[in-house]
Structure formats: C-alpha cells, structure tokens
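Below is one structure; the comments refer to it alone.
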Amino acid sequence: MFGFLRRKKTPAEPEYNAPLPSASESGTVDGASAATLLPPPNESARVVTAPLVEPAAHAVQEKPKSRFWQQLSRSRNNLTEGLGNLFLGKKTLDAEILEELETRLILADVGQATTRALIKELEQQISRKQIHDPEALFEKLRELMITRLAAVQRPVSPRVHHPHVILMCGINGAGKTTTIGKLAHWFRQSGQTVMLAAGDTFRAAAVEQLMTWGARNQIPVIGEPGRGDAASVLFDAVQAARARGMEVLIADTAGRLHTQGGLMDELKKLTRVLDKAEPGAPHEVLLVLDASIGQNALNQARQFHQAVGVTGLIVTKLDGTAKGGIIFAIADELALPIEFIGIGEALDDLRPFDPTAYVDTLLDRESA
C-alpha cells in the first residue's frame, strides 16, 4: 500500500447545534451532570469538546522506518508530496491526475523522455480499462519503474580474476575517494581480500585520505604522498596485488571534468597501463556520479562512457537531494548497470542497488 494515498483528512470540528445525549433518570449523562453540558443562561453558546482519550495500552505501534527510507526522504517527498491530497477521495481517473503525476516525475529529474514514456504507457493501460482507480495507477507505475531499473541491475558477483582490477573515475566532488573506502569495506565484509591504489596524484590530500580509509579497514594502500606519476602507481599496485594474492584491487584516479579533453586522454592511458600490467585489466570501470547534480550526471556518464567504456555506475549523495529520479534517465538512455548507491556518510551507507527497494521507497510504498 502506498502511504501517501492513505492520508486522512483532518476531522471536521463538532457543530454546536448537534443533538446532546439524553440524560438518565438521575439527571446525568454518562456520569456527568446534564447541566454542565448546557450553555449558561443569557450567554453566548460555546462548543463543548470531549475530553482527550488515552490510547489503549494494546494499540499497535507504527513500525520504525528503515535508514534507507529515512535517507531518501527528500527525493520521496519531492515525488509524492501533493499527490495524496490530489487523489484523496477520487474513485475515477482524469487528465488532472496524469498531468500532476507527469509534473512530479519531471521535478524528481526522471527526465522528459523517460517521463513521457511512463505516462504514455499509463494512458494506454487506462484506455484499455486495465487501470480503474488511483491505487491501481500507482501500482502500475511502480511496476513500470522497477522494470526499467531491473533491466540495468547487475548483482555484485564473486570476482573471477585475481586480482580483479576496478578502475574508479568521476569528477571532482562526486565523492569518489570516500566511495572507494566504503567499497573496499563492502568487499572485505563479504570475505574478499582488497588492496587500494592511490592513483589520484593531482589532489594534495587524496593519497592521505585513501591511506586513512585503508588504515580504518585494515587494507594495504599502494602509493605515497608526493608521487606524481599515476600510471606508475597503478602499474606497481597491480604487481603488488598479484604478488600478495589479493582478490580485488581498487584504483583511484584524479577527479576530472568530462569536458577536459587532456585529462580524459590521460584516463585512457591509465587503462592501457593496467592492461599491460594485467592482461584484460581493468576488469571494471566504475563511474561515480553525484545524484544532486541531476541531468548533468547524465552528460557526465555519456562522456566518460565514450572515453573509457564505463562498465557500471555508483550513484552517491542520494540522501541529500530531491533528484533521485536521475537514476531512471541514466538507465533509459545509457543502459549502464547501477551497481551501488550511496545514501549517507556512514561506512555501511554504500549498498548494492536494489531496484524494488529503491522504487518502493521513492513512492512511499509500505512493505507487506
């Protein structure tokens, strides 16, 4: 059930002229004097309100919401706020409902093309009498949204290469280095041995930041402050990972704008160096995208994919934005797998992407 479709209107205020309960023979009404319920003579009438009733001791307590639900509140509210009042009490569907739904999807950065495709499908279902009321409309919307995201879901499976080399890329500020630390923690928690390569030699604090993550997770880091050649760092890291029998090597790279041709060429060079060090590497190229920049994230994904052949996405900062719908636009246009999403600062706030859980949370759908 969708939570926002069940919000109730505020109860109406009691009317003054409503009939009073009849008094018993003893002159009381439910144990109270009937006179106390009547307005004093020659005074203006006033509304008599009933005493507050304490909730029953056995009343069912609302199930606490998960951290995932809480962290996606901004995107959820942006999508569903106002729809509850629009649909409340309606038993039939009309153009106003679909127009409002279209507006909400666009505001959530689902994208013009994806939104129109969803609305068109809903209109067809309505015309074929397969959808009869608002609740059925949203159940179908949920189904369509999950289907779109499930098409680009790639379950995180055990790595077959030793070392399995993952090259991380993205623009400055997307949270790439922090994401690497959390991703390393996730692999380690799943029982795999991990090594990090400090290939971001442009940003002064990047190497120290990665070493801090390594120390926190008890993971070795190859690289050192002041070492300026990213290619040699990654080459040495592959050799070290192979010598130590590491299962996963995660290589950091300097943040760069997708419009900076020289830096994008350097990223291509790093992929060639990794292939020399370990034939077939990198086995994955993961692009870290900041969800809060909305449609610009789509442009970034397009350019990085063209330059280095991105194999998967990690979408971060979903907890701080109302633009969580950008995932649908990326899924529709680029069909790139979404492997992980970031919903906060905590170590466990990077988690494998689950299309059903994501859509249900955005639509404020309660679990069965």
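The values are calculated or read from the model by the stated rules, or taken from the named source; none is laboratory data. No experiment lies behind these values; they were computed from the predicted model shown. Every residue, glycine among them, receives a Cβ derived from its backbone with ideal geometry; neighbour counts consider all protein chains shown.
Summary of computed values
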| quantity | calculated |
| --- | --- |
| Any hit, the range 274-285, residues being in contact with a strand residue (DSSP E or B) (Cβ under 7 Å, 6 or more places away or on another chain), assigned to a helix (DSSP H, G or I), closer than 30 Å to Val160 by Cα and at pLDDT 90 or above | yes |
| Residues that are hydrophobic (A, V, I, L, M, F, W, C) and either closer than 23 Å to Val310 by Cα or assigned to a loop (DSSP other than H, G, I, E, B) (or both), drawn from the range 128-144 | Ile131 |
| Residue within the range 296-304 that is surrounded by fewer than 23 Cβ atoms within 10 Å (Cβ to Cβ), assigned to a loop (DSSP other than H, G, I, E, B) and under 24 Å from the mean Cα position of the chain (by Cα) present | no |
| Filter pass, Ile250 being in contact with a Phe, Trp or Tyr (Cβ under 7 Å, 6 or more places away or on another chain), surrounded by 15 or more Cβ atoms within 10 Å (Cβ to Cβ) and touching a residue at least 24 places away in the same chain (Cβ under 8 Å) | no |
| Any hit, the range 231-241, residues being touching a His at 6+ places or on another chain (Cβ under 7 Å), over 23 Å from Gly173 (Cβ atoms), touching a residue at least 24 places away in the same chain (Cβ under 8 Å) and not β-branched (Val, Ile, Thr) | no |
| Residue in the range 331-338 that is buried (at least 21 other Cβ atoms within 10 Å of the Cβ), at pLDDT 90 or above, out of contact with any strand residue (DSSP E or B) (no Cβ under 7 Å at 6 or more places or on another chain) and within 19 Å of Leu149 (Cα to Cα) present | no |
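Conditions (1) at pLDDT below 85; (2) under 27 Å from Ala291 (Cα atoms), marked per residue:
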{"residue": "Gln71", "(1), (2)": "yes, yes"}
{"residue": "Arg76", "(1), (2)": "yes, yes"}
{"residue": "Gly89", "(1), (2)": "yes, no"}
{"residue": "Thr92", "(1), (2)": "yes, no"}
{"residue": "Gln112", "(1), (2)": "no, yes"}
{"residue": "Arg116", "(1), (2)": "no, yes"}
{"residue": "Arg128", "(1), (2)": "no, no"}
{"residue": "Asp133", "(1), (2)": "no, no"}
